[in-house]
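The values are calculated or read from the model by the stated rules, or taken from the named source; none is laboratory data. Note that the structure is a prediction, hence the values are computed from the model and not measured. Positions of Cβ are generated from backbone atoms using ideal geometry, with glycine treated the same way; all protein chains shown enter the neighbour counts.
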Amino acid sequence: MADFLSTLGADPAVIAALATHRVPGRVTRAERGGALVATLPGEVATPYAEVTVGDWVTLRDGVIDGVLPRRGTIVRADPGGRSSSRVLAANVDTVLICTPVCADPPARRLERLLSLAWGSTATPVLVATKADLSEAALEPLRRLAPGVAVVRTAPDDVGGLSPYVGPGRTVVLLGASGVGKSTLANALLRQDVLATRPIRADGKGRHTTSWRQLVALPAGGALIDTPGLRGVGLAAGDADGVSLAFADVADLATGCRFRDCSHDSEPGCAVSGAVDAGVLDAQRVRSHRRLQRELEWQTAKNDARLRAERNRRGRAVTQEHRQRGR
């Protein structure tokens, strides 16, 4: 049983937690009507709907009767501004953020995905797909992701990802449509298991994966493939993720004169000084500020005290503008 669970990504702690259960398993697919669970006797379809892909569960008479506490949970807030959020995957060790190599990478999207990954407590890795370029071509990605490994892959060469896959480990693929996630998944699986489609004539990606699914890798461990994300909303608990995704800005901010510096026009701002010196990209600072405001707004929706404080500030600003206009 331990070997079977390890091939699905279970580490020693998970194996120990499931050791006393007769039918442990892992959710490989979850929809509104129920879930598919991989077990040693075979795959089981169950009507239990309160699970997500990657959950470790126990079954009794074909029904889920227990779910282990989650870790490495990828949570995406609704990008449309509604209060809802969705768990994309659970019990993930490494988040493989896929992006094609180009002269102008989608910085703002990648910063959001990196924040999402860091906030999950899993380890993010930037995967340069469809790459047939020199190492120098990866520098724009490295500048976007301080402290994050950047790995170049090709359909016939995924050796750079070997440190992140194997027995007892789970990786999840994230990225927009058409960035090569399914092609990368097939390369890791060593066979064409997942459908792939060419990008559209206008250069935009096509959705080839319609649902989130977990599959076992040939060398052990598990891979979770996800549909392309059109929008990436951050949940209220992603503040640490944003700080880690913008580690360069956070490190500079420790040198600011004021602890609550907004890095806008305050005197003694180390971040603004770095921008003026050409050391830090001004757009990156604006993006950091934008994500912090988004997180504050998300938190305020669920926190009456913060919501009241935001309303108070709003009234004060409105009153100030009115007084200036007199």
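Consider ALA10 carefully, then state whether it is in contact with a helix residue (DSSP H, G or I) (Cβ under 8 Å, 6 or more places away or on another chain), assigned to a loop (DSSP other than H, G, I, E, B) and small (Gly, Ala, Ser).
Yes.
What's the number of the only condition in (1) surrounded by fewer than 16 Cβ atoms within 10 Å (Cβ to Cβ); (2) modelled with pLDDT of 85 or more; (3) more than 22 Å from the chain's Cα centre (by Cα); (4) not polar (S, T, N, Q) that ARG290 fails to meet?
Among (1) surrounded by fewer than 16 Cβ atoms within 10 Å (Cβ to Cβ); (2) modelled with pLDDT of 85 or more; (3) more than 22 Å from the chain's Cα centre (by Cα); (4) not polar (S, T, N, Q), ARG290 violates only (3).
Only one of VAL127, VAL92, VAL44, VAL51 is part of a strand (DSSP E or B), β-branched (Val, Ile, Thr) and either outside the structural domain of TRP211 (by TED's automatic domain parsing) or modelled with pLDDT of 95 or more (or both). Can you tell me which?
VAL44
Could you look through segment 158-183, keep only residues that are touching a helix residue (DSSP H, G or I) at 6+ places or on another chain (Cβ under 8 Å) and either free of Cβ contacts under 8 Å to residues at least 12 places away in the same chain or part of a loop (DSSP other than H, G, I, E, B) (or both), and pick out the one that is nearest to TRP56 (Cα to Cα)?
Going through segment 158-183, the residues touching a helix residue (DSSP H, G or I) at 6+ places or on another chain (Cβ under 8 Å) turn out to be 158, 161, 165, 167-168, 171, 173-176.
Those left that are additionally either free of Cβ contacts under 8 Å to residues at least 12 places away in the same chain or part of a loop (DSSP other than H, G, I, E, B) (or both): 158, 165, 167-168, 175-176.
Numbers: VAL158: 28, VAL165: 18, PRO167: 15, GLY168: 13, GLY175: 25, ALA176: 27 Å.
Of everything passing the filter in segment 158-183, GLY168 is nearest to TRP56 (Cα to Cα).
Residue under question is ALA176, and the condition is that it be modelled with pLDDT of 80 or more, among the small types (Gly, Ala, Ser) and over 26 Å from PHE4 (Cα atoms); does it hold?
So ALA176 fits the description; yes.
Please find, within segment 24-43, the residue that is nearest to MET1 (Cα to Cα) out of those that are surrounded by fewer than 19 Cβ atoms within 10 Å (Cβ to Cβ) and aliphatic (A, V, I, L, M).
Ranking the candidates gives LEU40 first.
So, in segment 213-247, of the ones that are crowded, with 16+ Cβ neighbours inside 10 Å, modelled with pLDDT of 85 or more and not aliphatic (A, V, I, L, M), which residue ends up farthest from GLN298 (Cα to Cα)?
In this case the residue turns out to be GLY220.
Within segment 138-157, identify whether any single residue is at pLDDT 90 or above, surrounded by 12 or more Cβ atoms within 10 Å (Cβ to Cβ) and more than 27 Å from VAL242 (Cβ to Cβ), and answer yes or no.
Checked segment 138-157: no residue is at pLDDT 90 or above, surrounded by 12 or more Cβ atoms within 10 Å (Cβ to Cβ) and more than 27 Å from VAL242 (Cβ to Cβ).
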